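Notes for the one structure printed next.
The values are calculated or read from the model by the stated rules, or taken from the named source; none is laboratory data. Because the structure is a prediction, the values reported are computed rather than measured. A quick note on method: Cβ atoms are made from the backbone with ideal geometry, for glycine too, and the neighbour counts reach across all protein chains shown.
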Amino acid sequence: MMEQGYRFCSECGAQNPAKNKFCAKCGACSVKPQKKAAAEEQSAQCPNCGNLNSTGARFCPACSAPLNPDYDVSNDGDYVHIKIHLKQIDFENSRELSTLTKKIDDPYVIVDMSEIEWMDSSGIGAIVTVVHRFTRNQQQVKFVGIQNKVMTSIKALRADNIIDYYETLNEALVSWGLPPI
């Protein structure tokens, strides 16, 4: 039985102070490496700022960058470009877009929706919320690549008069007086 403050070496059985990471007699590691690996698995490093986050986190609490591949956010100098890699935006994931855009303070933002094939009213509500937030903060947001089926849903809820949308990224850039890429 191990006395308090001591542990026995799993290799040679020698008694060592609990603070020792290695056995004083045989040099074997007395701290199980599995615990370190498990701790590393429980964190995900933010690709934007390097902050260590819990595995379940979807956004970095330090910089709000997405920690999943569903969104790419890049600052292209004159504007921020958000590329959404989802097939649908619905009740389950609609809040992510709102969360993602909260800390963006650039004056021009483009949201590329070309991969979205379907959107319910929750998704459209999230887009309207994003537009409202940016407008309130004197920022401009434009949406590009909206597919016909998604646009039909947006028009059915009469949100098309709120959303500034363009077929292509270049059309959106030119509307701001920026050079096309």
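Quick look at the values:
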item: Residue list for the range 131-158, restricted to those being surrounded by 15 or more Cβ atoms within 10 Å (Cβ to Cβ), outside any helix (DSSP H, G or I) and basic (K, R); result: K142
item: Inter-residue pairs, beta-carbon under 7 Å, first on the phi > 0 side of the Ramachandran plot and of a type in the set (A, V, I, L, M, F, W, C) and in the range 1-23, second surrounded by fewer than 14 Cβ atoms within 10 Å (Cβ to Cβ) and modelled with pLDDT of 80 or more, 6+ apart; result: none
item: Meets criteria (crowded, with 20+ Cβ neighbours inside 10 Å and of a type in the set (A, V, I, L, M)) for V128; result: no
item: Of all residues in the range 43-82 being among the aliphatic types (A, V, I, L, M), within 18 Å of I104 (Cα to Cα) and modelled with pLDDT of 75 or more, the one that is surrounded by the fewest Cβ atoms within 10 Å (Cβ to Cβ); result: A62
item: Residue that is surrounded by the most Cβ atoms within 10 Å (Cβ to Cβ) [pool: residues in the range 83-108 that are at pLDDT below 90 and of a type in the set (K, R)]; result: R95
